[in-house]
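Down below is the structure, laid out as structure tokens.
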Amino acid sequence: MSLRLGIDIGTSGIRTAVLDAEGVVISTARATHEVQDPCWVDANGWWRAVQSCIGAQAKALKSCGRDLTEVTRIGVDGTSGTMVLTDADLAPVTGALMYNSGGFVEEAARIAAHAPEIHITKGSNSVLGRALRLQAQDVDHQARFLLHQADFIIAKLRGQGCISDHNNALKLGFDPVADRWPDWFERTGLNTALLPQVRPAGAVIGEISPQVAADLGFNAQSVIHAGTTDSVAAFLAAAPLDEGAAVTSLGTTLAIKMLSKARIDDPSIGLYSHKLGDFWLAGGASNTGGGVLAHLFSSDELVALSAQIDPDVASDLDYYPLLKPGERFPFNDPNRPPIMTPRPDDDVAFLHGLLESIARIEACCYAAITERGGGVPSALFTAGGGASNPVWTKIRARVLGIAPKPAIEPEAAIGVARLIG
């Protein structure tokens, strides 16, 4: 029986899931990212972590009486907007720039001089600005491929670049309706020869490299599919493909997705739509979320303090919890400051204020989609670590006016495996 493997490259680590032909989860595995120098993210570290996770997956399959050689399809998702430049042999020639990097002021000015008045590539945290910064760092002009995080892993699996997908390429400026890159890109100074070919998310793109198959234990005929972003994969795991279905991912950051018949785009607030079959997946990602909570409290503290909160009573504290200045959605403002004061002496009250404030930001995100013609959520599912906090779930239900349901499946790796089914 053929199996399919989903590889999820998240903020904190790698997760994999193997599904059978009927979509039943056979086994899962995980591995942590290597410790990275904050000034230099080594993309090869992603590949080593993926290899480690696949090794763990092989052991998990063996315990089920199955084997990696039964895997006939492989899909990958990665963090949206994370990218690196490589040479023709897929060796990184720059450090990677992560999804939450910003400060591309000079690049933003060059983009603004040529882009349409409203465009997803504008702003100082622009993905296109990130690409221009990477190009400037390639002082020896060795780069041949501009690869998103998922693209890089797919290229390593295939032993060749350079293919991306509609979802990862969206923020870089690819138009999934016209099916092309903008014709003004060259005027920004971007070397457009670096840009990947773009395929629909989940499309077949080729077989695994024979050498990689031999090294990792895969079948040499395993097929590699075009990838997607981590938030799209999380949606596919968490919710049915029904119009109005919405997913909030409460991970390190807060990600919002809602399935709509309408394409909703408003780059001025960080709202955009991914193409997903006959639907559009409208939403965006905020820099608030569980990362702020983890910075302020230990896991045990979060559990103990949450248990003392009355979720039926609104907090009068109005925060905008961020680890550092800068927000993406529902406000596209690279300078938006964190607001976590005044801090009460009582940590229970402080956490209550943080949880309620993040819920208000979530509500603002969905309101932005509704106001622009995307409709209202008919069902709300929650993925990520925050879904396990029952007090926060009750707070969110009160603030949002809809009771969140647990994700159908919790792992984005399962979602990307479903995508390639």
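The values are calculated or read from the model by the stated rules, or taken from the named source; none is laboratory data. All values reported here derive from a predicted model rather than from experimental measurement. Here the Cβ positions follow ideal geometry from the backbone for every residue, glycine too, while neighbour counts run over all protein chains shown. Remember, those area values only see protein heavy atoms, side chains included, never the ligands or the DNA or RNA. Shrake-Rupley method; radii C 1.70, N 1.55, O 1.52, S 1.80 Å.
For the stretch 394-402, does any single residue satisfy the condition of being within 24 Å of the chain's Cα centre (by Cα) and open to solvent by 20 Å² or more (accessible area, probe 1.4 Å)?
Checking the stretch 394-402: at least one residue is within 24 Å of the chain's Cα centre (by Cα) and open to solvent by 20 Å² or more (accessible area, probe 1.4 Å).
Could you say which residue among Asp165, Asp138 is farther than 24 Å from Gln51 by Cβ and touching a strand residue (DSSP E or B) at 6+ places or on another chain (Cβ under 8 Å)?
That would be Asp138, the only listed residue that is farther than 24 Å from Gln51 by Cβ and touching a strand residue (DSSP E or B) at 6+ places or on another chain (Cβ under 8 Å).
In the list Gly415, Gly385, which residue meets the criterion of being within 24 Å of Val232 (Cβ to Cβ) and at pLDDT below 95?
Gly385
From Ile54, Ile74, Ile7, grab the single residue that is within 16 Å of the chain's Cα centre (by Cα), buried (at least 20 other Cβ atoms within 10 Å of the Cβ) and modelled with pLDDT of 95 or more.
Ile7
Restricting to the stretch 192-241, name every residue that is within 20 Å of the chain's Cα centre (by Cα) and assigned to a helix (DSSP H, G or I).
Asp230, Ser231, Val232, Ala233, Ala234, Phe235, Leu236, Ala237, Ala238
Where in the stretch 316-421 are the helices (runs of 4 or more DSSP H), entirely inside, with at least 2 residues that are more than 30 Å from Gly6 (Cα to Cα) and of a type in the set (Ser, Thr, Tyr)?
347-371
Please find, among Asp165, Asp140, Asp215, Asp151, the residue that is farther than 30 Å from Ala56 by Cα, of a type in the set (Asp, Glu) and at pLDDT 95 or above.
After ruling out the rest, the residue left standing is Asp140.
Of the conditions (1) open to solvent by less than 10 Å² (accessible area, probe 1.4 Å); (2) at negative phi, Asn125 satisfies every one except a single condition; which number is it?
(1)
Could you check the stretch 233-272 and list, in sequence order, the residues that are more than 19 Å from Gly421 (Cβ to Cβ) and among the β-branched types (Val, Ile, Thr)?
Result: Thr248, Thr252, Thr253, Ile256, Ile264, Ile269.
Take Leu355 and decide whether it is in contact (Cβ under 8 Å) with a residue 40 or more places away in the chain and open to solvent by less than 50 Å² (accessible area, probe 1.4 Å).
yes
If we only count helices (runs of 4 or more DSSP H) wholly inside the stretch 92-182, which ones have 1 or more residues that are touching a residue at least 24 places away in the same chain (Cβ under 8 Å) and over 24 Å from Pro325 (Cβ atoms)?
Correct list: 127-137, 149-158, 166-169.
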